[in-house]
1. Restricting attention to the stretch 28-62, report how many residues are aliphatic (A, V, I, L, M) and over 23 Å from the mean Cα position of the chain (by Cα).
2. Looking only at residues that are farther than 19 Å from Ala114 by Cα, hydrophobic (A, V, I, L, M, F, W, C) and away from the ligand (no atom under 14 Å from the Cβ) in the stretch 41-63, which one is least open to solvent (accessible area, probe 1.4 Å)?
3. Which condition breaks for Leu38 when tested against (1) surrounded by fewer than 20 Cβ atoms within 10 Å (Cβ to Cβ); (2) away from the ligand (no atom under 15 Å from the Cβ)?
4. Here is a check on your reading of the model: is Val75 over 25 Å from Val193 (Cα atoms), touching a helix residue (DSSP H, G or I) at 6+ places or on another chain (Cβ under 7 Å) and away from the ligand (no atom under 14 Å from the Cβ)?
5. Report the residue count in the stretch 1-12 for those that are farther than 23 Å from Arg117 by Cβ and open to solvent by less than 50 Å² (accessible area, probe 1.4 Å).
6. Could you please tell me which pairs satisfy a Cβ distance under 8 Å, a separation of 6+ or placement on different chains, a first residue in the stretch 130-156 that is acidic (Asp, Glu), and a second residue that is open to solvent by less than 20 Å² (accessible area, probe 1.4 Å) and outside any loop (DSSP other than H, G, I, E, B)?
7. Can you tell me which residue within the stretch 19-35, out of those that are open to solvent by 50 Å² or more (accessible area, probe 1.4 Å) and not basic (Lys, Arg), is farthest from the ligand (Cβ to nearest atom)?
8. Please verify whether Val115 is on the phi < 0 side of the Ramachandran plot, of a type outside the set (Phe, Trp, Tyr) and within 14 Å of the ligand (Cβ to nearest atom), treating the condition exactly as stated.
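The values are calculated or read from the model by the stated rules, or taken from the named source; none is laboratory data. Bear in mind that the values here come from a model prediction, so they are computed numbers and not experimental data. Here the Cβ positions follow ideal geometry from the backbone for every residue, glycine too, while neighbour counts run over all protein chains shown. Please note that ligands, DNA and RNA were not included when accessible areas were found on the heavy atoms of the full protein model with its side chains. Shrake-Rupley method; radii C 1.70, N 1.55, O 1.52, S 1.80 Å.
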Amino acid sequence: MTTVAVVEDDAEILAAVTRGLTERGHAVTGAGTGLGGLAGIVEQHPDVVVLDLGLPDIDGLELLRMLRAVSAVPVIVATARDDEREIIRTLDAGADDYVVKPYSADQLDARIRAVLRRVRSEDAEEPVQIGGLTLDARRRVAAIDGSPMDLSRKEFDLLWHLAGRKGEVVTKRELLAAVWRQPYGGPEKTIDVHLSWLRTKLGESARSPRYLRTVRGVGVMLVDPEAP
Ligand code: CA
């Protein structure tokens, strides 16, 4: 059984979500405020969190950042607006997926199962070594030439996805779908920004790339710079 913590201030929505998820075999705990929800999550360690962004006591994004500082629990954000930029910001702040209100229990259940599948498959992955770069998805840590890299979640996810396709050009569209959960495309600039941060952390630049090779107009590829 999956334990789901739902943070939602609208009592009607909370009751409906709780009922819908319980019927689908989940154990649900609910909280009507952000800080109450945060305390419960830290104490109870649910398998997944469903977080409403519009909360009375604290901004949902702020809460997400606070949660991310103490927990790697998968978070699905519920947003009232189907606003691409807001969704990207939310995913950048550490959400794993999102649903747009009003959403059905079936959709939320499917998202929960997909997020958990992803997390569990990462848990089973062995660390990957590409040149001097080591990626450990289980612990979500990366190191370059033996020094730990300070990566955001999205930076790690991006590197991890590219590592899985080592030596292949990956399109920005694929990265938006796989890493930012934007299957219909979105602002590709967000990828450029993350790639540029990653380059800095890898000790390289767009002008003298080592691990990250950009193929103009196509995408980006992760390579072993020491390989012949
Ligand atoms: Ca709300």
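1. 0
2. The qualifying residue least open to solvent (accessible area, probe 1.4 Å) is Ile41.
3. (1)
4. Working: over 25 Å from Val193 (Cα atoms): no; touching a helix residue (DSSP H, G or I) at 6+ places or on another chain (Cβ under 7 Å): yes; away from the ligand (no atom under 14 Å from the Cβ): yes.
Here the answer is no, as Val75 does not meet what is asked.
5. Step one: list which residues in the stretch 1-12 are farther than 23 Å from Arg117 by Cβ, which gives 8-12.
Within this subset, residues satisfying the condition of being open to solvent by less than 50 Å² (accessible area, probe 1.4 Å) are 8.
The qualifying residues number 1.
6. Within 8 Å, the pairs are Asp136/Ala142; Glu155/His194; Glu155/Leu198.
7. Quick first cut of the stretch 19-35, residues open to solvent by 50 Å² or more (accessible area, probe 1.4 Å) only: 19, 22-24, 29-30, 33, 35.
Narrowing the set further to residues that are not basic (Lys, Arg) leaves 22-23, 29-30, 33, 35.
Values: Thr22: 21, Glu23: 23, Thr29: 17, Gly30: 13, Thr33: 10, Leu35: 14 Å.
Looking at the filtered set, the residue picked out is Glu23.
8. On the way: on the phi < 0 side of the Ramachandran plot: yes; of a type outside the set (Phe, Trp, Tyr): yes; within 14 Å of the ligand (Cβ to nearest atom): no.
Criteria not met by Val115.
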